[in-house]
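Some notes on the structure that comes next.
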Amino acid sequence: MCYKKYILERSDGTRYLDMKISKKGRGIIHILAAAFCFALMSFFVRLAGDVPSMQKCFFRNIVAVVVALIILLRSEDKFKMQKGSLPFLLIRSFCGCAGLICNFYAIDQINLSDANMLNKLSPFFAIIFSYFILREKANRVEWTAVIIAFVGALFVMKPSFHVEFLPALIGALGGLGAGVAYTFVRLLGGRGERGPMIVFFFSAFSTMVTAPFMLLDYHPMALWQWITLIMAGIAAMGGQLNITAAYTYAPAKEISVFDYSQIIFAALLGFFFLGQVPDLLSVVGYVFIIGAAIGRWWYR
């Protein structure tokens with residue numbers, strides 16, 4: 001149930017029905033909000049037009065740096081991190097940054113919904129890397145879900161020697177980078193590292209990595225491009241805050257499947273504002289990947 005019923009009594013003795021959203025319901029609301037924010041981020045990145053991917057990544061991260069910095073400065077522990085966390089923070093940030101750059105490149109080259117779908121391979125990559133990094137053994141159902149999802153990815157990517165295959169492959173690599181990054185986020189969370197510190201470290205690392213590339217190949221931007229990239233950063237931070245809130249209300253096994261609503265939001269934004277329509281093979285791929293995610297969620 002996503003809500004709870006309470007029979008309450010007023011001061012005059014009359015009773016009334018009060019319906020309150022349960023913790024799981026709040027988690028679902030936040031994860032849907034996060035999915036919409038991340039789809040909106042992709043939309044604004046594409047809308048910014050002919051701007052190098054590194055430049056877009058820089059602006060997406062600088063906004064997150066500012067917000068996370070404010071949160072840390074207002075906290076009691078400030079920039080204190082857990083002992084031994086630095087190497088894992090660096091690996092998480094490197095993989096997350098690589099995944100983000102690949103994702104932004106794919107957003108600029110292929111359909112918005114395709115790019116978002118390939119990035120959503122990250123939970124399946126996380127299953128693989130959790131085995132090696134966290135020593136978590138997946139069962140047959142989870143390995144089956146991984147295989148089905150990767151088959152679906154082939155439908156979206158359409159392997160060939162055609163030039164259009166490369167951006168799709170890079171988009172899938174973005175999902176791989178995100179999957180490794182999420183695995184290390186779980187490892188850091190298990191060590192007691194704070195969420196704002198993880199977000200700040202990743203955003204600051206990505207900003208420093210992309211800044212030199214942006215300066216070497218800086219493209220002057222019109223006012224509307226500045227606005228769209230700032231909006232992309234705000235949307236990304238909104239996604240981060242909502243996804244964090246979602247998992248404080250309910251465990252991932254109960255609500256993570258709702259994160260795939262991002263594909264629907266991205267497809268709608270792409271259709272109504274960019275005139276993009278996924279082809280039949282991509283739709284088949286969506287069914288495979290989302291079906292694998294739903295099957296794994298239902299089993300767990």
**Request:** Could you tell me which of the residues Phe213, Phe205 is open to solvent by 30 Å² or more (accessible area, probe 1.4 Å) and either of a type in the set (A, V, I, L, M) or within 14 Å of Val63 (Cα to Cα) (or both)?
**Result:** Phe205
**Item:** Cross-chain or 6+ apart pairs with Cβ under 6 Å, the range 182-202 first and open to solvent by less than 10 Å² (accessible area, probe 1.4 Å), then among the β-branched types (Val, Ile, Thr)
**Value:** Thr183/Ile133; Leu188/Ile198
**Item:** Pair list, Cβ < 6 Å and 6+ apart or interchain, from the range 44-55 residues that are assigned to a helix (DSSP H, G or I) to residues that are of a type in the set (Ser, Thr, Tyr)
**Value:** Phe44/Thr228; Leu47/Thr228; Ser53/Tyr105; Met54/Thr210
**Asked** Does the range 257-272 contain any residue that is open to solvent by 70 Å² or more (accessible area, probe 1.4 Å), over 15 Å from Leu112 (Cα atoms) and either assigned to a helix (DSSP H, G or I) or of a type in the set (A, V, I, L, M, F, W, C) (or both)?
**Response** no
**Asked** Across the range 67-84, which residue is nearest to Met208 (Cα to Cα) among those that are among the β-branched types (Val, Ile, Thr) and open to solvent by less than 80 Å² (accessible area, probe 1.4 Å)?
**Response** Val67
**Prompt:** In the range 158-171, how many residues are in a helix (DSSP H, G or I), touching a Leu at 6+ places or on another chain (Cβ under 8 Å) and open to solvent by 10 Å² or more (accessible area, probe 1.4 Å)?
**Reply:** 0
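So is Ala153 of a type in the set (Gly, Ala, Ser) and outside any helix (DSSP H, G or I) or not?
no
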**Fill in**
Exception for Arg60 within (1) surrounded by 22 or more Cβ atoms within 10 Å (Cβ to Cβ); (2) modelled with pLDDT of 90 or more falls at (2)
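The values are calculated or read from the model by the stated rules, or taken from the named source; none is laboratory data. What you see is a predicted model, and the numbers here were worked out from it, not measured in a lab. Cβ atoms come from the backbone with ideal geometry, glycine included; neighbour counts cover every protein chain shown. Heads up: the accessible areas ignore ligands, DNA and RNA and are worked out on the full protein's heavy atoms, side chains in. Shrake-Rupley method; radii C 1.70, N 1.55, O 1.52, S 1.80 Å.
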